[in-house]
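The values are calculated or read from the model by the stated rules, or taken from the named source; none is laboratory data. Keep in mind the model is a prediction, meaning the values are calculated, not measured. Glycine also receives a Cβ, built like all others from the backbone with ideal geometry; neighbour counts cover every protein chain displayed. What goes into the accessible areas is simple: the full protein's heavy atoms, side chains included, and nothing from ligands, DNA or RNA. Shrake-Rupley method; radii C 1.70, N 1.55, O 1.52, S 1.80 Å.
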Amino acid sequence: MEDDVQQEFLAEFKEKRLGGWQILQLTAGTGLAVYAVWAGVIMPGFRRVPLKLQVPYMPASRSQVCNVMTLLKGRSGGIADLGSGDGRIVLEACRRGFSPAVGYELNPWLVRLSCFHAWRAGFHRSVSYRREDLWKVDLSTYKNITVFLAPSVLSLLQKKLLSELPEDALIVAGRFPFREWTACKVEGEGVDRAWAYHVRELRERCQSKSEDLSNQTR
C-alpha cells in the first residue's frame, strides 16, 4: 500500500510543470537541508583543524567495507580506525572478532552517531569511539590500522605510522592509497578499492632507500 502511494506521488510530480516560485522553493529547501547537514554534522569536526588536515565526511560504502575486511582476513588483535566517521568500519571489525576495536574521530556528532549504530547493533559494549586527535594518539598497541583519509593527510601520517606501529602491523587504506608506499595487496576497483601495507616491508624498503642514498653520497 505504501509503495502504491509513493508511485502515485512520483507520477503526479512528474506530470506537473513547476513554476518559477515552486522551483525557488524546492531549491531553497534543498539548500537548507545541505546547510543543516554541514552545520550539524560536518562543520564541528573542522573547527580548529588546519585546512590541509580537514577531511570531509564521506561514509564508506558496503563494497569499501567489504574490501577492507577482505584485506584483514586471517588477522586478529586490536584495530584502530583513524578518522572513523560514522563508525561502520570499527563495527564490522568487531563483528569479525577484532578486539579492542576503536575509532578515533574529532567530530562530536559523528562520535555520537557511531555510538548509536553500535548500540542498535548490540555491540556498544564491545567497541569504542573516542573523540581524540589522531596525531596525539599512541598507536603502538594496535596491530591493525584502517584509514579513510585525504591524500594530503595520508602523506603526513606516514611517519607517525612507521615510527609507532609494531613490526607485524598491517595498514589498510580505503578510497585513497599512500602515494609513497607500495601496497602488498589491493582489493576492489575504482572508488571502492582498498590497499594493504605491511609495516615490516615498509620499514625494510625505507632502510634500503636510506642505505642507497648513503652509498651515493660517499
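Observations, loosely collected:
- Probe 1.4 Å, protein heavy atoms only - accessible area per residue of segment 96-156 in square angstrom: 53
- Summing charges over neighbours of Y197, with a neighbour being any other residue whose Cβ is under 11 Å away from its Cβ, gives +2 when K and R count +1 and D and E count -1.
- Approximate spin-label separation R95-R179, in nm, with each point projected 7 Å along Cα-to-Cβ: 3.5
- The T141 and E189 beta-carbon pair, evaluated with R₀ = 35 Å, returns a calculated FRET efficiency of approximately 0.55.
- Vicinal HN-Hα couplings computed from phi for segment 201-208 (Karplus, 6.51 cos²θ - 1.76 cosθ + 1.60; Hz; Gly/Pro x): 5, 5, 5, 5, 5, 4, 5, 5
- Of the solvent-accessible surface of segment 97-140, computed with a 1.4 Å probe and all protein chains present, 53% belongs to carbon and sulfur.
- Simple spin-label estimate for M58 and R131 gives 2.6 nm between the two label positions (7 Å along the Cα-to-Cβ direction from each Cα).
- Between Q207 and R112, residue separation times 0.36 nm minus the direct Cα-Cα distance comes to 30.0 nm.
- Net charge over other residues, Cβ less than 15 angstrom from the Cβ of E167 (K, R count +1; D, E count -1): +1
- Note on S76 and A121: with the Förster distance fixed at 22 Å, the Cβ-Cβ geometry gives a FRET efficiency of about 0.60.
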